[in-house]
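For reference, the structure discussed in these notes is given below.
Where a number appears in this text, it was derived from the coordinates with a stated rule and is not lab data. What you are looking at is a predicted structure, and each value in this text was computed from that prediction instead of being measured. Using ideal geometry, Cβ is built from the backbone for each residue, glycine included, and neighbour counts are taken over all protein chains shown.
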Amino acid sequence: MVKILLIEDEVAIQELIRFNLEKEGYKVLAAGDGQEGLNMARNEKPDLIVLDLMLPKLDGYEVCKALRADKATAKFPIIILSARNEIVDKVIGLELGADDYINKPFSPKELVARIKARLREQKRHDQNSTAQTVLTFAELEVWPDNYIVTLAGKPLNLTTKEFELLYLLITNPNRVFSREHLLQKVWDYGATGDTRTVDVHVSNLRHKLQHMGRTIETVRGVGYRFAAGN
Ligand code: CA
């Protein structure tokens, strides 16, 4: 039975979601604050988490961050549910590693549809990742199927684009990529994209890679390369 963990402090909303999900045949576990939700996620290993942002004890951002920072829970799909609908929240939520975002008030039907879509995607993903290749370079480990990078065993909090950028560079050691080429490959932009996007992401990525950041070298007048030391 598919298990969904619902972390939501408003009882009425909790009940509404529970009713609609149980109707679809899902098993619903509910937590009323962030700390309880995080504990339940760790113990129950749900197939998906519906996470409210404004929560007592530990807010949704902190819950999301804690889940993503732990290899055991990093892969759980998370759909953020929130009354705060400013675009900035959405961006922060997605950067923290949430998979989807729904604003309150929402229609239960839409929530169910998004949950189904996410579970389907996860299933496809699991089927493809039976033989995952982990790339290792010095203290860095890159887990392509989960979009996880660890430095000395500790997961780094990379955004999807930062991950894709690192992945492309590290799988092509010493090859020099122009900014335009990176824009095309990672952002899927044509020649019209702004190459400063690349510079900003490289800079953030280097920062997050800490002392390993220097492996991403600037090649003056051209672009970047992953310096694998030969
Ligand atoms: Ca709330």
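Can you bin the stretch 120-180 into rounded, prolate or oblate? Criterion: square roots of the alpha carbon gyration tensor eigenvalues sorted a ≥ b ≥ c, rounded for a/c under 1.5, prolate for a/b above b/c, oblate for the rest. Prolate is the answer for the stretch 120-180, as a/c is 1.5 or above and a/b outweighs b/c.
Shown in residue order for the stretch 173-186 are the 3J(HN,Hα) couplings computed by the Karplus curve 6.51 cos²θ - 1.76 cosθ + 1.60 at θ = phi - 60°: x, 6, 6, 8, 10, 6, 4, 4, 5, 5, 4, 5, 6, 8 Hz (x for Gly and Pro).
Here the contact order of the chain, divided by its residue count and restricted to Cα pairs under 8 Å and six or more residues apart, works out to 12 percent. Over the residues of the chain, the helix contribution to mean residue ellipticity at 222 nm works out to -12000 deg cm²/dmol, using -39500 (n - 2.57) for each DSSP H run of at least 4.
Looking at the square roots a ≥ b ≥ c of the eigenvalues of the Cα gyration tensor of the stretch 164-214, which shape do they give, rounded for a/c under 1.5, prolate if a/b is larger than b/c, or oblate? Oblate, since a/c reaches 1.5 and b/c is not below a/b. The longest stretch of the chain left intact once loop-based trypsin sites (Lys or Arg not before Pro) with at most 16 other Cβ atoms within 10 Å are removed from consideration, loops following DSSP, is 85-174.
In this calculation the C-beta distance from LEU119 to THR218 is compared with R0 = 45 Å, giving a FRET efficiency of 0.60. Once you've got the Cα coordinates, tell me which of LYS75/LYS154; LYS161/LYS208; LYS45/LYS161 are over 18 Å apart. Distance filter (> 18 Å) returns LYS45/LYS161. Would you mind checking the tilt of helix 160-170 against the longest principal axis of the Cα atoms of the chain, expressed as 0 to 90 degrees and rounded to 10? Long axis of 160-170 versus the principal axis of the chain: about 30 degrees. For labels at LYS154 and ALA12 in the simple 7 Å Cα→Cβ model, what's the distance in nm? Here the modelled spin labels are 4.4 nm apart.
The antiparallel fraction among DSSP beta bridges confined to the chain stands at about 50%.
Mean separation of Cα pairs under 8 Å and 6 or more residues apart, divided by the residue count, gives the stretch 100-230 a relative contact order of 18 percent. When the inverse distances between all different Cα atoms of the stretch 1-122 are averaged and flipped, the Kirkwood radius reads 13.9 angstrom.
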